[in-house]
Amino acid sequence: MAIETERTDRTLIVRINRPEALNALDVETMRALNEALRAFRDDPGLAVGIITGAGDRAFCAGADLKKTLPPKTPFASSYYAPYEQSVEEGLYVRAITLSELNIGKPLIAAVNGHALGGGAEIALECDLRIAGENATFGLPEPRVASVPAVGGVSRLLRALPRAVAMKMLLTGDRIDAQEAYRIGLVSDLVPTEDLLPTALDVADRIAANGPLAIRSLKALADRTQDLPLTQSIAVEQLMWGVLRDTEDRVEGRTAFAERRPPEFHGR
């Protein structure tokens, strides 16, 4: 299967499984990834998702250039078509624009090997990026006369200082894991063999927290990044108020006072 999933307690591992093609994305794989993440979004028993690649050479090398040539249908009609039709008619980038799925749960990119083009954009759409020592990152689209179309420009400019991001964008150069960690593109840098265990450990620590609080933090991060500071703080106070009287928040304080682990139920 082009996309494999593995459930571990409250975490879902989503693995891009085309190692023979450096986990490059053909349209079938893009659709399968979209479907797997929709299922993750809608499963109340799952709290955290991890996206990674099969093998140890690549997280995802981006679109499969041999299988994503321009279609005969005009772009305008595809752009305004429903999701399935637009993907079928060549607007396949919609299938991997994760922000349009409104997942609302934390996603971790466990980057093993090359994360290039659409692969780098998928990693950028995740909330955390953990890199193995063999990871590389790059947006080489200008080298094939194209531009990133899954938020790569916007998200890279938000993740890095402008000059650093623009150098990567304009040259199409890739950076290694050490440089990615130095400039803050990834949160953790670990030996490649420790990559998935580290990602699972982080996922477990997230899932152990109050589920409503985690969903609220994710919502705040997504919805306030473009707001002025005063408005952002006001939204934080409203979200705090939403959580103030929940059973979980009372349980968290009670458990702290009684020196025991809390038992959260998402209420």
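The values are calculated or read from the model by the stated rules, or taken from the named source; none is laboratory data. For clarity, every value in this text was computed on a predicted model and none was experimentally measured. Using ideal geometry, Cβ is built from the backbone for each residue, glycine included, and neighbour counts are taken over all protein chains shown.
Criterion first (buried (at least 18 other Cβ atoms within 10 Å of the Cβ), within 28 Å of T68 (Cα to Cα), touching a Phe, Trp or Tyr at 6+ places or on another chain (Cβ under 7 Å) and assigned by TED's automatic domain parsing to the domain that holds P70) does A149 satisfy it? So A149 does not fit the description; no. Screening the stretch 224-267 for residues that are of a type in the set (A, V, I, L, M) and closer than 27 Å to L46 by Cβ and picking the one that is surrounded by the fewest Cβ atoms within 10 Å (Cβ to Cβ) gives L238.
Test of understanding: among I175, I183, I206, which residue is on the phi < 0 side of the Ramachandran plot, free of Cβ contacts under 8 Å to residues at least 60 places away in the same chain and touching a strand residue (DSSP E or B) at 6+ places or on another chain (Cβ under 6 Å)? After ruling out the rest, the residue left standing is I175. Within the stretch 118-135, can you find the residues that are part of a helix (DSSP H, G or I) and more than 16 Å from L160 (Cβ to Cβ)? Those that are part of a helix (DSSP H, G or I) and more than 16 Å from L160 (Cβ to Cβ): G118, G119, I122. Would you please name the residue that is nearest to A95 (Cα to Cα), looking only at residues in the stretch 4-24 that are in contact with a helix residue (DSSP H, G or I) (Cβ under 6 Å, 6 or more places away or on another chain) and in contact (Cβ under 8 Å) with a residue 60 or more places away in the chain? It comes out as T11.
Within the stretch 40-80, the only residue that satisfies the criterion of being among the aliphatic types (A, V, I, L, M) and more than 28 Å from N112 (Cα to Cα) is A76.
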